[in-house]
Amino acid sequence: MKLLIDDAHIDLIKEIYEYYPVDGVTTNPSILAKCGEEPFKVLKEIRQLIGDEAQLHVQAVADTAEGMVEDARRITRELGADTYVKIPAIKEGFKAMKILAEEGIRVTATAVYTPMQGFLAGKCGAAYVAPYINRIDNMGYNGIGVAKQIHDILKNNHMETEVIAASFKNTQQVLELCVYGVGAATVAPDVIQGFVKNREIMAAVDDFVKDFEELTGKGKTMSAL
Ligand code: E4P
């Protein structure tokens, strides 16, 4: 399962990139709004930081198929042909997805709340389908269940499209989809930082250091012997 950062703040992305094994960055218009800067300026900074090989997902904002296609062309022109363009999995979006697939522009179907949206996006040639785990849970449905069902639909229908699950609020949600083997998960920095936040783990590491220092002296490490 690929792991992406769902944020656009360059400092947070830099820190997560330095410490954790991540495969790219996803954004949406609300995430960009939180940065309060010109969108392409922020996105180009991100692209420069993560490099051309890493995945960058950027959302089209227009509300017609034609407008979405224009947005997608501009996004890939500015940020590289390999940039994934997020297109809402709605009627206009499906039309846009088919055109973009023909043009070879990679699409991530977004705003996905139901398995049928995932199926249609797969048939339109989307590279990824992004079910919103936590938002689905908040509606009283089962977000993890929807993501698993979309994964199964795509596999059972021999489509190359993968799930990129989104909208996570805790480690357990991510872990469950990791065990299931979905294609990718995009996770906010605070949730990633919480993946291995555990007093027992830290206590075990601290005990090792204490024991070693008792043997060799305060502040001593293997390289300092
Ligand atoms: C992903 O495609 C969505 O833009 C995003 O992950 C939604 O997350 P949220 O529900 O935390 O806003």
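The values are calculated or read from the model by the stated rules, or taken from the named source; none is laboratory data. Just so you know, these numbers come straight off a predicted model, no measurement behind them. Note: ideal-geometry Cβ built from the backbone for every residue, glycine included; neighbour counts use all protein chains shown. All accessible areas refer to the heavy atoms of the entire protein, side chains included, with ligands and DNA or RNA removed. Shrake-Rupley method; radii C 1.70, N 1.55, O 1.52, S 1.80 Å.
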Unique residue being within 16 Å of the ligand (Cβ to nearest atom), over 24 Å from residue 194 (Cβ atoms) and hydrophobic (A, V, I, L, M, F, W, C) when the list is 46, 16, 31, 75: 75
Residues that are part of a loop (DSSP other than H, G, I, E, B) and either open to solvent by less than 70 Å² (accessible area, probe 1.4 Å) or of a type in the set (Ser, Thr, Tyr) (or both), drawn from the range 16-31: 20, 22, 23, 27, 28
Any hit, the range 98-109, residues being under 22 Å from residue 146 (Cα atoms) and aliphatic (A, V, I, L, M): yes
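Sort out which residues of the range 120-146 are away from the ligand (no atom under 15 Å from the Cβ), open to solvent by less than 30 Å² (accessible area, probe 1.4 Å) and part of a helix (DSSP H, G or I), and write them in order of number.
122, 145
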Which listed residue, of 117, 149, is outside any loop (DSSP other than H, G, I, E, B), open to solvent by 20 Å² or more (accessible area, probe 1.4 Å) and within 16 Å of the ligand (Cβ to nearest atom): 117
Verdict on residue 130 being out of contact with any helix residue (DSSP H, G or I) (no Cβ under 6 Å at 6 or more places or on another chain) and within 16 Å of residue 182 (Cβ to Cβ): yes
Residue in the range 126-148 that is over 23 Å from residue 188 (Cβ atoms), at pLDDT 95 or above and among the hydrophobic types (A, V, I, L, M, F, W, C) present: no
Exclusive hit being within 16 Å of the ligand (Cβ to nearest atom), at pLDDT 95 or above, of a type outside the set (Lys, Arg) and open to solvent by less than 80 Å² (accessible area, probe 1.4 Å), set 81, 60, 101, 54: 60
